[in-house]
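The values are calculated or read from the model by the stated rules, or taken from the named source; none is laboratory data. Predicted, not measured: the structure shown is a model, and the values here were computed from it. Counting neighbours? That spans all protein chains shown, and the Cβs are built from the backbone with ideal geometry, glycine included. The accessibility values were calculated without ligands, DNA or RNA, using every heavy atom of the protein model including side chains. Shrake-Rupley method; radii C 1.70, N 1.55, O 1.52, S 1.80 Å.
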Amino acid sequence: MKTPGRRPQRVAEAIREVVAVFLAEEARDPRIGLVTVTGVRATPDLKRAVVTFVAHGDEAARKASLEGLTAAAVAMRFHLGKRLRLRVVPELVFEPDVVIDKAARIHELLAGLRREGEGDPS
């Protein structure tokens, strides 16, 4: 079986750029708040692309942004078809990026350990 090579990575990066521009300039759904596209993972056959994003705001704003992005996926896919020359335009699936939340939690834990260490006389 043939290995996919770098093409899925290159297509994923192009998708990330097009989706980010679409969200900044053309997205009309009021549920989509301030959203940063952090990455795209494309399947080797390029039929599906998972777009990871960070939605800024409280939990309700994040949930509304995910709903808005999911609803706008068809329009973004159409936009991708016009911008990129692909035989098959991938289906877009949106997932919140939890890496930043995990990093913030680790930072909090380390800060707590530092405070405990400073207060300990031994």
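A few remarks follow.
- Contact order relative to length of the chain, as percent, for alpha carbon pairs under 8 angstrom and 6 or more apart: 25 percent
- Taking every DSSP helix (H) stretch of at least 4 residues in the chain, weighting each as -39,500 (n - 2.57) and dividing the sum by the residue count yields a mean residue ellipticity at 222 nm of -18500 deg cm²/dmol.
- Karplus-derived HN-Hα couplings along segment 39-44 (A = 6.51, B = -1.76, C = 1.60, θ = phi - 60°), whole Hz, x at Gly and Pro: x, 9, 10, 9, 5, x
- Near Val40, once Lys and Arg are set to +1 and Asp and Glu to -1 for all other residues with Cβ below 10 Å from its Cβ, the sum equals 0.
- Under 5 Å between amide hydrogens, built in the peptide plane, is the criterion, and for Phe53 it picks out Thr38, Glu95, Asp97 among residues at least 5 positions away or on other chains.
- The fraction of accessible area contributed by carbon and sulfur in the chain is 56 percent, rounded to a whole number (1.4 Å probe; ligands and nucleic acids excluded).
- Förster radius 41 Å - calculated FRET efficiency between Glu13 and Glu118 (Cβ-Cβ, nearest 0.05): 0.40
- Packing-based order for 17-29, 100-112, using average beta carbon neighbours within 10 Å, highest first: 17-29, 100-112
- Charge tally in the Cβ shell below 12 Å around Leu109, where Lys, Arg are +1 and Asp, Glu are -1, Leu109 excluded: +2
- Helix 99-119 vs. the chain, principal-axis angle (Cα, 0 to 90°, nearest 10): 10 degrees
- Rolling a 1.4 Å probe across the protein heavy atoms gives the chain an accessible surface of 70 Å² per residue.
- Debye, to nearest 20: dipole size of segment 73-122, +1 on Lys, Arg Cβ, -1 on Asp, Glu Cβ: 720 debye
- Shape call, the chain: gyration tensor on alpha carbons, a/c limit 1.5: oblate
- For Glu91, the amide hydrogen comes within under 5 Å of the amide hydrogens of Arg48, Ala49, counting only partners 5 or more places away or on other chains and with H modelled in the peptide plane.
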